[in-house]
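Novice: Sharing a structure, written as structure tokens. Questions coming.
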């Protein structure tokens, strides 16, 4: 599942992913991004993967990759927060799909990630 965070900030979107994400989760996340991107041009994005356990199946991974590709130019910066196990895999995949500046932050650095993502 995922949860939107940072709702009180117009210049940055926050998403926390926990457990295994399903295709339905990814479709709802994609709809949320469309809604938020309609309100502001090139916001920052903070994705917290601290509690992320992967994808339920290949259809969820495919939906995530389609979402990444569809929004490759939509964010000024993308901050990824989480454990090292996801850093190399997730960041290298996302870098291949996204054109935004990306930076990885350790699990305890969520506030620093938010501040970094807010600056264009």
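The values are calculated or read from the model by the stated rules, or taken from the named source; none is laboratory data. Please read these numbers as outputs of a predicted model, since none were measured by experiment. Glycine also receives a Cβ, built like all others from the backbone with ideal geometry; neighbour counts cover every protein chain displayed.
Novice: Show the residue pairs meeting these rules: Cβ distance below 6 Å; 6+ apart or different chains; first residue within the stretch 58-80 and more than 15 Å from residue 101 (Cβ to Cβ); second residue at pLDDT 90 or above and part of a loop (DSSP other than H, G, I, E, B).
Specialist: 60/22
Novice: Pick out the one residue from 68, 48, 53, 74 that is part of a helix (DSSP H, G or I) and either modelled with pLDDT of 80 or more or touching a strand residue (DSSP E or B) at 6+ places or on another chain (Cβ under 6 Å) (or both).
Specialist: The unique qualifying residue is 68.
Novice: Moving to a separate point now. For the stretch 1-31, what are the residues that are in a loop (DSSP other than H, G, I, E, B), in contact (Cβ under 8 Å) with a residue 40 or more places away in the chain and surrounded by fewer than 19 Cβ atoms within 10 Å (Cβ to Cβ)?
Specialist: Of the stretch 1-31, the ones in a loop (DSSP other than H, G, I, E, B) are 1, 6-11, 22.
Then keep just the ones that are in contact (Cβ under 8 Å) with a residue 40 or more places away in the chain; that gives 6, 9, 11.
The answer is 9, 11.
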